[in-house]
1. Compute the angle between helix 26-41 and the longest alpha-carbon principal axis of the chain, please, reported from 0 to 90 degrees and rounded to the nearest 10.
2. At 1.4 Å probe size, what's the solvent-accessible area of residue 326? Round to the nearest 10 Å².
3. For the range 373-409, which trypsin sites (Lys or Arg not before Pro) are both in a DSSP coil and crowded by at most 12 other Cβ atoms within 10 Å?
4. Hey, what do the phi angles of the range 420-425 turn into as Karplus ³J(HN,Hα) couplings, whole Hz, using 6.51/-1.76/1.60 and θ = phi - 60°, x for Gly and Pro?
5. Looking at the range 222-280, which trypsin sites (Lys or Arg not before Pro) are DSSP coil and have at most 13 other C-beta atoms within 10 Å of their C-beta?
6. The range 120-204: D in µm²/s via Stokes-Einstein (Kirkwood Rh, Cα pairs, 37 °C, 0.692 mPa s)?
7. So how far apart, in nm, are the two label points at residue 273 and residue 225 if each is 7 Å from Cα heading toward Cβ?
8. Convert 20 °C to kelvin, take the viscosity as 1.002 mPa s, use the Kirkwood radius over C-alpha pairs of the range 48-186 as Rh, and evaluate the Stokes-Einstein diffusion coefficient in µm²/s, rounded to a whole number.
Amino acid sequence: MSVVSSAQHTHIPNPHNHIAVIGGGPTGSFFSLFALRMAKMIGREVEITIYEPKDFSKDGPGGCNRCGGIISELLVQTLAVEGINLPNSVVRKGINSYKLHTDYGSVFISTPSLERTIATVYRGGGPRGIIGHDKESFDNFLLSLALEEGAVHRPVRIDSVERKNGKMVLFSRNSQVTEADLVVGAFGVNSTAGKMFTSLGFGYTEPPTVNAAIAELHMPEKVIAELFGNSIHLFLLPDRGIKFAALIPKGSYVTLCILGRKVDSHTVGTFLQRPVVRTVLPETLGYDVVCNCLPKMNIGAPKKPFTDSIVMGGDAGSTRLFKDGLGAAYIMGKAIAKTVIFEGTSWKDFQRCYYPIYRGIKQDNLFGRILYTVIDQYRSSKILTRAMLKTVESEQNRGADDRLLSTILWDMFTGNERYRNVFLKSLKPKMHLDMWEGVFSSLGRR
Ligand SMILES: Cc1cc2nc3c(=O)[nH]c(=O)nc-3n(C[C@H](O)[C@H](O)[C@H](O)COP(=O)(O)OP(=O)(O)OC[C@H]3O[C@@H](n4cnc5c(N)ncnc54)[C@H](O)[C@@H]3O)c2cc1C
């Protein structure tokens, strides 16, 4: 499916019912799709224009919204309920397990329920030079759905926004592009768009971010199938500054994602040389690093994500800490759509209907921060890391409903569960008893 865009400056929307969406990533597309569906349900006419300069069918950085491309089980299922089934052309691999690697050993964690599957996708056309055109990007797919529902796409980068006579006026390269009744900010954190809204003075500030690293490793598909199967390889290493890293198989490429607070241009090279990483990848020169980048990652939420006729969602607002940003884009895109179509576009409407969802994600991340602090303790201690491996290893030989730590780790890293629920599970006495058993057993082995 290819995205059909209207040419620059050819479409003049009705200024009385016009919504301008800045950014056609998942948040912008989910918002537009659901707003148009809901408007049709109640017989209301709205015009939605998505301003998005990227062509998501292009390979390499030009078409890519840089990310690991893991679609959580929860999101795959939620989308299916919405009637959005990810086609085979979008899914690069179905995942049913994780292999957890540490400096002291590795352990396999299978999905708690074999029916559910995680999907891996590319956000753009794929790594630079990818061969074959039988595949489609996730962002292109979502944008196409929004366009099929009636949204218009204009390949324009918006570089300033003003409020004039009760309307929002959008500009690109010093020319006025449109007037709108509402602006939806869905521009993520990897552009300077946030500054346009900070300068409007209603209290919006750009979310705090950290650098992450992504690299695409190219190797024969057969080798990937043999080495990775249907597993994502997750690394919890004692390095300060790196929370975790993952190798995500996708056809004849493996996406390496490194998340943390101290990631720079040397991180990928150093990581690939680590002995534990080399045990997973093919022997010397068995792969090429064909693409790499250092995208920003949202790690906090601005206090004021909306005012009259302006609202921010997805990464430009709040997202889930270190996981399932695409799930958060869905939740927020839909919540904004509901507010706008059924309530209105004033500060009060957003405060009443959108803010509870926004705040819910923010509050859930507080539990996430506690859990990551605990995981930091585990990965920096040899005894605790070994105890964790031992516990998961013995759990994997038990029934699916007797795998508490495995489920906690699965839910933490797949984005399948809210952090609050993972936190509550982690308080269960059984988990602590199992861990102590693991500690004693690894001390005994020493
Ligand atoms: C390293 C890394 C790995 C990740 N891995 C995963 C993962 O595996 N699974 C997951 O669920 N989440 C993951 N995430 C999070 C996920 O990528 C984001 O949460 C998600 O992309 C947010 O969607 P969005 O639409 O809000 O923003 P984006 O995806 O960033 O989209 C914003 C869009 O706005 C456009 N834009 C920007 N400025 C302008 C402008 N001025 N005018 C017009 N358009 C503009 C951009 O071109 C872009 O297309 C990861 C993030 C990082 C950094």
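The values are calculated or read from the model by the stated rules, or taken from the named source; none is laboratory data. Given the structure is predicted, the values throughout are model-derived calculations rather than measurements. Reconstructed Cβ throughout: ideal geometry from the backbone, glycine too, with neighbour counts over all protein chains shown. Please note that ligands, DNA and RNA were not included when accessible areas were found on the heavy atoms of the full protein model with its side chains. Shrake-Rupley method; radii C 1.70, N 1.55, O 1.52, S 1.80 Å.
1. So the inclination is approximately 50 degrees.
2. We get 10 Å² for residue 326.
3. Numbers: sites: 379, 382, 386, 390, 398, 403; in loops: 398, 403.
Sites meeting the loop and neighbour criteria: 398.
4. So the Karplus estimates, Gly and Pro as x, are 4, 5, 5, 4, 4, 4 Hz.
5. Sparse-neighbourhood loop trypsin sites (Lys or Arg not before Pro): 240, 261, 262.
6. Values: Rh = 15.5 Å.
In µm²/s, the coefficient rounds to 212.
7. About 3.5 nm separates the two model spin labels.
8. Working: Rh = 17.8 Å.
Using the Kirkwood radius from Cα pairs, D works out to 121 µm²/s.
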